[in-house]
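Since every read-out is calculated from the coordinates, none of them should be taken as a lab result. Owing to the predicted nature of the structure, the values given are computational and were not obtained by experimental measurement.
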Amino acid sequence: MLKTILYIAIGGAIGSVLRFLTTVLVSKFWSNQFPLATFIANIIGCFLIGLFIGVLAKNNLADSNLKWFLVTGFCGGYTTFSTFGMENYNLFQNNNSLLAFGYIALSLILGIFAVWFGFFLSK
């Protein structure tokens, strides 16, 4: 159990740092109200979780420490649902309801597609 927690913690730390670097990189090129950095991180995270789950399943590693490291740790640390919720709350508070609904719809639709695509590529 402790070994599993360590794999999750290391993966989560790496994912969190890469999430921060995604924000830094995107903010250099994008300064609009639309929260592009979170959107990009969540779509990439959805793609990666689909890819990782597919590759792990194909190689009979679905219950391995690699799954805990990549899926629970890395993807959990990289994706940002709490930030997504806060950004939408702020958009609604600032009377940007249309942008908020667009962000929600795009995130859900592209997120689900990205999971499917990652899983598809893993086959």
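Before rounding to the nearest 500, sum -39500 (n - 2.57) across all DSSP H runs of length at least 4 in the chain and divide by the residue total; then give [θ] at 222 nm in deg cm²/dmol. Walk me through the numbers on the way to the answer.
Numbers: 4 runs with 90 residues, N = 123.
Using -39500 (n - 2.57) per qualifying helix, the result is -25500 deg cm²/dmol.
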Whole-Hz couplings from phi, Karplus 6.51/-1.76/1.60, listed for the stretch 38-45; x for Gly and Pro = 5, 4, 4, 4, 5, 5, 4, x
Work out the count of Lys pairs in the chain where the Cα-Cα distance is under 26 Å, with the pair 8 or more places apart or on different chains.
-> 5
Karplus-derived 3J(HN,Hα), 6.51/-1.76/1.60, for each residue of the stretch 114-123, Hz, glycine and proline x | 5, 4, 4, 5, x, 5, 4, 5, 6, 7
Pairs of Cα atoms under 8 Å, at least six residues apart: use those to get the relative contact order of the chain, whole percent.
-> 43
So what's the angle, to the nearest 10 degrees on a 0 to 90 scale, between helix 2-29 and the longest Cα principal axis of the chain?
-> 30
